[in-house]
1. Which of the following residues is under 23 Å from LEU61 (Cβ atoms), surrounded by 20 or more Cβ atoms within 10 Å (Cβ to Cβ) and in contact with a His (Cβ under 8 Å, 6 or more places away or on another chain): VAL105, VAL201, VAL144?
2. Name the residue that is nearest to ASN199 (Cα to Cα), counting only residues in segment 104-150 that are touching a residue at least 60 places away in the same chain (Cβ under 8 Å) and acidic (Asp, Glu).
3. Just give me the residues in segment 1-45 being surrounded by fewer than 17 Cβ atoms within 10 Å (Cβ to Cβ) and either of a type in the set (Phe, Trp, Tyr) or in contact (Cβ under 8 Å) with a residue 40 or more places away in the chain (or both), in sequence order.
4. When you look at GLY60, is it crowded, with 20+ Cβ neighbours inside 10 Å, touching a residue at least 12 places away in the same chain (Cβ under 8 Å) and small (Gly, Ala, Ser), yes or no?
5. Quick check on my filter: what residues within segment 118-141 are modelled with pLDDT of 95 or more and touching a Lys or Arg at 6+ places or on another chain (Cβ under 7 Å)?
Amino acid sequence: MIAVSDYGVGNLFSVEKALTYVGAEVEVTHDAKKIAQADRLVLPGVGAFGDCMRRLESTGLIPVILREIEAGKPLLGICVGLQILFEGSDESPGVAGLGIFSGRVRRIEAPQLKIPHMGWNSLEFGVANGNIDIFQDVPTGAYVYFVHSYHAMPVDLRIIAAKTTYGESVTAAVAKGNVHAVQFHPEKSGTIGSTILKNFVEG
């Protein structure tokens, strides 16, 4: 069973529908017991970094999420669900992230382009230490759908699983061990997005 963490942010219906489409049993929940019982976790997020962290804190889910990650349960972060895995963000100074990964989230440097970065962009893959290959059968140059103004800048560059280019090299995905996260929206990325979600579900 896949538990999609419901803390009041993220397009939960679209994520649930996309996961169901690839054959997963899905439950959108803010129940800590159900999250603990799930086989895999999905951490969505949209909007501002600080708002997402405050809402997540208000649910009381942070301890169980951290405990399940530590126990080795696979987790997939989506959009701001990737960003809050880091220590903090320039978008919300003074607000601490979950600190799963060392590094900060910074505004995209693209002076000649519109911010937010919104629309389809191609992926360039790196070598990451994830124990699930969420990009299996996804060709280099595949297009996925982004909506964001900030991106993660990890201290350990080896965790970058994919990049895209938008004025600069932008972190599109990270992975280490059982924790995987994507800056783009797989639930809005058509066949490629479905392949990525299926890889996570079955990996």
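The values are calculated or read from the model by the stated rules, or taken from the named source; none is laboratory data. Values in this document were obtained by computation on a predicted structure and should not be read as measured data. So basically every Cβ, Gly included, is an ideal-geometry build from the backbone, and we count neighbours across all protein chains shown.
1. Details: VAL201 fails: in contact with a His (Cβ under 8 Å, 6 or more places away or on another chain); VAL144 fails: under 23 Å from LEU61 (Cβ atoms).
When all the criteria are applied, what remains is VAL105.
2. So the residue we want is ASP133.
3. The answer is GLY8, PHE13, SER14, LYS17, TYR21, GLY23.
4. Working: crowded, with 20+ Cβ neighbours inside 10 Å: no; touching a residue at least 12 places away in the same chain (Cβ under 8 Å): yes; small (Gly, Ala, Ser): yes.
Criteria not met by GLY60.
5. GLU124
Okay, residues lined up against (1) within 12 Å of the chain's Cα centre (by Cα); (2) hydroxyl-bearing (Ser, Thr, Tyr); (3) part of a loop (DSSP other than H, G, I, E, B):
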residue	(1), (2), (3)
SER14	no, yes, no
LEU56	no, no, no
ILE69	no, no, no
LEU82	yes, no, no
